[in-house]
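Computed from the coordinates by the stated procedures, all read-outs in this text should not be read as laboratory data. Bear in mind that the values here come from a model prediction, so they are computed numbers and not experimental data.
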Amino acid sequence: MYHVAAQPSRSEGVCDRCGGALALREDDRPESIRVRMRAYEASTRPLKEYYEQKGLLLVIPAVGSPREILDRSLRALSGQRVLV
């Protein structure tokens with residue numbers, strides 16, 4: 001998996017593994033991201049604020065490996081202290 005700025009391929013537009021052409025996904029284009037952020041602001045943010053006010057929001061940092069994030073999530077859901 002590549003990222004234009006954070007993790008580019010060695011040769012621009014070419015997969016390091018197979019040599020195939022790389023393309024920017026339609027949902028990774030700036031306008032698509034703006035649409036998703038507007039949708040978040042309209043629908044998700046109010047839910048986040050509601051559960052936060054009720055003291056029911058669990059914030060689980062998505063930092064580290066998938067396994068670390070899963071372990072952190074399971075600890076939070078079981079009521080154990082979550083370390084960042």
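Annotations for the structure displayed:
- Entry note, the chain: the mean residue ellipticity at 222 nm calculated from DSSP H runs of n ≥ 4, each adding -39500 (n - 2.57), is -11000 deg cm²/dmol after division by the residues and rounding to the nearest 500.
- Over 20 Å [Cα-Cα, the chain], rounded percent: 61 percent
- Taken over segment 5-45, the alpha-carbon convex hull comes to 97 cubic angstrom per residue.
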